[in-house]
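The values are calculated or read from the model by the stated rules, or taken from the named source; none is laboratory data. Computed from a prediction, not measured in an experiment: that's the story for all the values here. Cβ: placed from backbone, ideal geometry, glycine included. Neighbour counts: every protein chain shown. Accessible surface is based on the protein model in full, side chains and every heavy atom, while ligands, DNA and RNA are left aside. Shrake-Rupley method; radii C 1.70, N 1.55, O 1.52, S 1.80 Å.
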Amino acid sequence: MRKPPIHKSFLNAFRGVFFMIRSERNFQLELLALFINLFLIFYLKLSSLDAILILMVSFGVLSAEIFNTAIEKICDIIQPEFDKRIGFIKDIAAGAVILTAILSVIVGILVYWKYIFN
């Protein structure tokens, strides 16, 4: 199988992101959080290092949500009916998202604390 041209690969990747934006409520909420963070980065004039930390955890949560959704979609194809084993797999994938989100909240508190309370 031939690899598609690079522009086609980028189009496919962005199509995946747009699918997430259109169809996944959690992704939409996490994207809203990213936009709030972008506003705060500029409004509070975060240092470059602090801005990078906030952006890394924000995009980490978005990426974890994309992987979680991909795992859920694959599981639904493999086993469309309820199956405890599939449910366990989906729970594990969702666990990765919640851990990443917890990390992002901790990083947010540590970074924003010094800008808001000083």
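Connecting C-alpha atoms closer than 10 Å in a GNM of the chain, tell me which of 24, 72, 81 has the biggest fluctuation.
81
Could you derive backbone 3J(HN,Hα) for the range 9-23 from the dihedral phi with the Karplus parameters 6.51, -1.76 and 1.60 (θ = phi - 60°), listing whole Hz in sequence and x where the residue is Gly or Pro?
Result, ordered by residue: 4, 5, 4, 4, 5, 5, 4, x, 5, 5, 4, 4, 4, 6, 10 Hz.
Could you do me a favour and compute the accessible area per residue for the chain, 1.4 Å probe, result in Å²?
On the way: 8900 Å² over 118 residues.
Per-residue accessible area for the chain comes out at 75 Å².
P(r) for the range 15-103: what percent of alpha-carbon pairs falls in each 5 Å bin, starting at zero?
3, 13, 21, 19, 17, 11, 7, 4, 3, 2, 0
With +1 on each Lys and Arg Cβ and -1 on each Asp and Glu Cβ, how big is the dipole of the range 12-71 about its Cα centre, in debye rounded to the nearest 20? Walk me through the numbers on the way to the answer.
On the way: 4 positive and 4 negative charges, 33 e Å.
Magnitude of the dipole: close to 160 debye.
With all pairs of different alpha carbon atoms counted, what Kirkwood hydrodynamic radius in Å does the range 1-47 show?
Values: mean 1/r = 0.0774 Å⁻¹.
Answer for the range 1-47: a Kirkwood hydrodynamic radius of 12.9 Å.
Of 58, 47, 70, which is farthest towards the positive pole of the range 30-87's charge dipole, taken about the Cα centre with +1 and -1 on the beta-carbons of Lys, Arg and Asp, Glu respectively?
The one lying farthest along the dipole's positive direction is 47.
For residue 65, what charge total do you get from the other residues with a beta carbon under 11 Å from its beta carbon, if Lys and Arg give +1 and Asp and Glu give -1? Present the calculation step by step, with values, prior to reporting the outcome.
Details: positive: 25; negative: 24, 30, 72.
So the surrounding residues net to -2.
In degrees from 0 to 90, rounded to the nearest 10, what is the angle of the helix 84-116 Cα long axis to the longest principal axis of the chain?
10 degrees
If Lys and Arg each add +1 and Asp and Glu each add -1, what is the summed charge of the other residues whose beta carbon sits under 13 Å from the beta carbon of residue 98? Each step should come with its number before you reach the end.
Details: positive: 90; negative: 30, 65, 91.
With Lys, Arg at +1 and Asp, Glu at -1, the net is -2.
Given a 1.4 Å probe and the protein chains all in place, what does the accessible area of residue 97 round to, in Å² to the nearest 10?
We get 10 Å² for residue 97.
Please report the accessible area of residue 100 (heavy atoms, 1.4 Å probe, ligands and nucleic acids excluded) in Å², nearest 10.
The accessible area of residue 100 comes to roughly 40 Å².
Sum up the lysine pairs in the chain that clear both bars: alpha-carbon distance under 29 Å and a spacing of 8 or more or different chains.
On the way: 3/73; 8/73; 45/114; 73/84; 73/90.
Value for the chain: 5.
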